[in-house]
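The values are calculated or read from the model by the stated rules, or taken from the named source; none is laboratory data. These numbers come from a predicted model, not from an experiment. With ideal geometry, Cβ positions are generated from the backbone for all residues, glycine too; neighbour counts draw on all protein chains shown.
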Amino acid sequence: MRKYSTRFFLGLFLIASILAVGISYHYYNKYTWNDALTCYGFASTEQKETLDNLLQKANIHIDQSQWRDTFSCGKKQSHLIQNLLTLVKETQAKFTVRTGTQERWEVKPLAWMEKNTSSVLKDLTILGFVAARDPTIKNPDAICILGATRNRMAERIAYVDALIDQGLTPSTIILLSGERYVTLDVDGSKETLHDLAQAMGKNDWRLLTEAQLGEALYYDSPLSQRNLPFILIDTPAGDLPRPTTQTTMLDLISWLKQHPDIRRIVFVSNQPHVDYQQAIIRSIFEGEGYAIEFEVVGPAAENLDNVLPLLGGLGSFLWATTPQVVSKMDITLSEPIYKKEFQELYAKNPLIYKMLPKNLL
């Protein structure tokens, strides 16, 4: 039998100890708040500190110490789950603010927002919800303009035209919109809407829809003079008050399946909604099992005196991204109370609910 020296066994012991420490460190730090914030896309210390400061301004209390020192977090994943639930619930109440079927333009700023306008604007700039987001895909098969209010669609159409001037080379222009009936003074004055309705052969401006506004804006813009193929996807409201990003995206996927040559898409939104739309669109593509290369871009935010829409964009992004964070971090909801709370946060949105990770269902 071969003899082994004491030094050999000591070496084995040291190797085993190092491996054990490494494994222990991995599980010890697996559920840190630092890692969660990185999964949300807040990678730098400056961004994490900025989000911390912003939450404090809104009187949202989360155990921020977790990300300050990753070595100090030996707590179970239940602590992280509590933080994620608090983050979504509180930012929905204090950032997004919208309730029921309210539209963004129907919501009023809260007192804490008006008190901290300049510092909140600085925070949101650091977090990436103010400046324009330009495309990294330079030769997409299609540019897809997301429907919105009349002025927003005009802004997005002009932005696409400017991108083409700067060298973007799309093959097709898609307008993804639907049956949202126009809102007075949001989509235009009564006179403007009346004249547009008359031009379309409609006697009542209230019969105009977002899709019709977008199509008219496109054909009145320099972008239409570039002679690129133009596709309008007009999604019906169905059982909903109006089409949503989710329902219009499902219509787009149906169209894409009939046009398999389109494999690279640049979606056009505007700040502060770029990251939210990116999260929603990714969830829908993954939920439908449709693989495609895409990114969401958009011009810079406007009307910076009112930080409510900017905070709403951040709140919507956190809500839409949290299920992906849970999945990416391989968090297991072992306690029924946590699963129930997550389900309640997303159950009112059936498409997002359908796409939740299995451990949240």
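If you check L232, L193, L217, which single one turns out to be aliphatic (A, V, I, L, M), outside the structural domain of I352 (by TED's automatic domain parsing), touching a helix residue (DSSP H, G or I) at 6+ places or on another chain (Cβ under 6 Å) and assigned to a strand (DSSP E or B)?
Within the list L232, L193, L217, the selection yields L232.
Report yes if Q246 is more than 23 Å from D161 (Cα to Cα) and in a helix (DSSP H, G or I), otherwise no.
Yes, satisfied.
For I284, only one of the following conditions fails: (1) out of contact with any strand residue (DSSP E or B) (no Cβ under 8 Å at 6 or more places or on another chain); (2) within 17 Å of Q92 (Cα to Cα). What is its number?
Evaluating I284 over (1) out of contact with any strand residue (DSSP E or B) (no Cβ under 8 Å at 6 or more places or on another chain); (2) within 17 Å of Q92 (Cα to Cα) leaves (2) as the failure.
Go through D251, D275 for me and flag whichever is surrounded by 14 or more Cβ atoms within 10 Å (Cβ to Cβ), among the charged types (D, E, K, R) and within 17 Å of the chain's Cα centre (by Cα). Full working, then the answer.
Numbers: D251 fails: within 17 Å of the chain's Cα centre (by Cα).
So the residue among D251, D275 that is surrounded by 14 or more Cβ atoms within 10 Å (Cβ to Cβ), among the charged types (D, E, K, R) and within 17 Å of the chain's Cα centre (by Cα) is D275.
Could you check the stretch 118-161 and list, in sequence order, the residues that are in a loop (DSSP other than H, G, I, E, B) and of a type in the set (A, V, I, L, M, F, W, C)?
Answer for the stretch 118-161, where residues must be in a loop (DSSP other than H, G, I, E, B) and of a type in the set (A, V, I, L, M, F, W, C): F129, V130, A131, A132, I137, A148.
Among the residues of the stretch 200-233, what is the count of those that are under 22 Å from D161 (Cβ atoms) and either out of contact with any Gly (no Cβ under 6 Å at 6 or more places or on another chain) or of a type in the set (V, I, T) (or both)?
Qualifying residue count for the region: 21.
Which condition breaks for D165 when tested against (1) among the charged types (D, E, K, R); (2) at pLDDT below 95; (3) out of contact with any Lys or Arg (no Cβ under 9 Å at 6 or more places or on another chain)?
(2)
Scan the stretch 307-360 residue by residue and report those that are surrounded by fewer than 21 Cβ atoms within 10 Å (Cβ to Cβ) and either in contact with a His (Cβ under 7 Å, 6 or more places away or on another chain) or at positive phi (or both).
Correct list: D330 only.
Considering only residues of the stretch 111-146 that are closer than 20 Å to L304 by Cα and among the β-branched types (V, I, T), which is nearest to the chain's Cα centre (by Cα)?
In this case the residue turns out to be V130.
Within the stretch 115-135, how many residues turn out to be buried (at least 19 other Cβ atoms within 10 Å of the Cβ), out of contact with any Pro (no Cβ under 9 Å at 6 or more places or on another chain) and among the charged types (D, E, K, R)?
Number satisfying all stated conditions: 1.
Filter the stretch 323-342 down to the residues that are polar (S, T, N, Q), in contact (Cβ under 8 Å) with a residue 60 or more places away in the chain and assigned to a helix (DSSP H, G or I) and list them by number.
Q324
Which of the residues spanning the stretch 71-117 are of a type in the set (D, E) and either more than 30 Å from R150 (Cβ to Cβ) or at pLDDT 90 or above (or both)?
E90
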